[in-house]
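The values are calculated or read from the model by the stated rules, or taken from the named source; none is laboratory data. Since this is a predicted model, take the numbers as computed values, not measurements. We place every Cβ from the backbone using ideal geometry, glycine too, and count neighbours over all the protein chains shown. Areas reflect the complete protein model, heavy atoms only, side chains present, ligands, DNA and RNA absent. Shrake-Rupley method; radii C 1.70, N 1.55, O 1.52, S 1.80 Å.
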Amino acid sequence: MIQSTSRVDMIAADLQGQILQGQLRPGERLPPERSLCAVFGVGRTTIREALKSLVVRGLVVRKGRGVIVADPENISPPATDLAELAVQVSIRQLYEVRKLIEVRMAGWAAQRATAEDIEVIRLTVEPDAVKKTAPANPNRTFHDALAKAVHNPALAEIYESGRHLFFRLPFFWKLFDEAEVKMVRTRRHELARRWHEHILNAIALHDVAEAEGAMFQHLDIMEKDLLSRLRQRDSGPMSADFYSHPMLAELGIERQAGEARVSR
């Protein structure tokens, strides 16, 4: 296992060096996986992991079945090693931390939120307001407003330090094709917004148990949906692992995702 990981790092470092030194230029297509396997003397799994590492660093992008060298302006600075971060923090680990912090945060908000706090939170879940926020994660403002409604400076500081990992480094999405990301994100954002409405209603009623339960379900569903999409991506068309939930069905996500798989 250690040997396999070191080979991935070695290959990724080699290709990164070629990109940064200009041997592989922006817009240039990398050699196909079969050719890279021959050059480096490894199997396709190792090559794919190395390419994933380059993708999450912003050095290359996937277009169809090919891999293209990215525009230098989109390359992450050396201080932000997204590949290393993606290796160290799995999706499950990320959501474990979010559940630990945000479930209790929802309960405390139900206890302490003022009428003004509740109104601020309410504005974040209105469909028009969501559309006007940053496209990368339009529902982030809900979680920000919730953290402020707790009125705990220490918790606010911890939450703020975690936002870079929770919301600002969408390295997992870089593993998907651009068109797929746009389609999936739109549906996931609407799913999240509906859960936010449920959490808001519990907070407005100062129902601690309901607010915590709704937040846990919200995060758990978003985690399972993302994990199932990653499994679906790895296993190919018509995967049976796509996550199912009544609210997903209500939004038409399951049906449309199934159609997308069939069309591939």
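Summary of values
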{"read-out": "Pick from region 19-35, criterion touching a residue at least 24 places away in the same chain (Cβ under 8 Å) and open to solvent by less than 50 Å² (accessible area, probe 1.4 Å), ranking: farthest from the chain's Cα centre (by Cα)", "value": "24"}
{"read-out": "Residue satisfying condition, being touching a strand residue (DSSP E or B) at 6+ places or on another chain (Cβ under 9 Å) and either open to solvent by less than 70 Å² (accessible area, probe 1.4 Å) or at pLDDT 60 or above (or both), within set 176, 171", "value": "176"}
{"read-out": "Failed item, numbered, when residue 38 is tested on (1) at pLDDT 85 or above; (2) part of a loop (DSSP other than H, G, I, E, B); (3) of a type outside the set (S, T, N, Q); (4) surrounded by fewer than 13 Cβ atoms within 10 Å (Cβ to Cβ)", "value": "(2)"}
{"read-out": "Residue list for region 41-62, filter: over 12 Å from residue 8 (Cα atoms), open to solvent by 20 Å² or more (accessible area, probe 1.4 Å) and in a helix (DSSP H, G or I)", "value": "57"}
{"read-out": "Unmet requirement for residue 130, which otherwise passes all of (1) open to solvent by 50 Å² or more (accessible area, probe 1.4 Å); (2) modelled with pLDDT under 85; (3) not in a loop (DSSP other than H, G, I, E, B)", "value": "(1)"}
{"read-out": "Residues of region 63-82 classified as at pLDDT 60 or above and surrounded by 10 or more Cβ atoms within 10 Å (Cβ to Cβ), total", "value": "8"}
{"read-out": "Total residues in region 1-35, condition touching a helix residue (DSSP H, G or I) at 6+ places or on another chain (Cβ under 9 Å), modelled with pLDDT of 90 or more and in a helix (DSSP H, G or I)", "value": "5"}
{"read-out": "Those residues of region 83-115 which are modelled with pLDDT of 90 or more, open to solvent by 80 Å² or more (accessible area, probe 1.4 Å) and of a type in the set (Asp, Glu), in sequence order", "value": "96"}
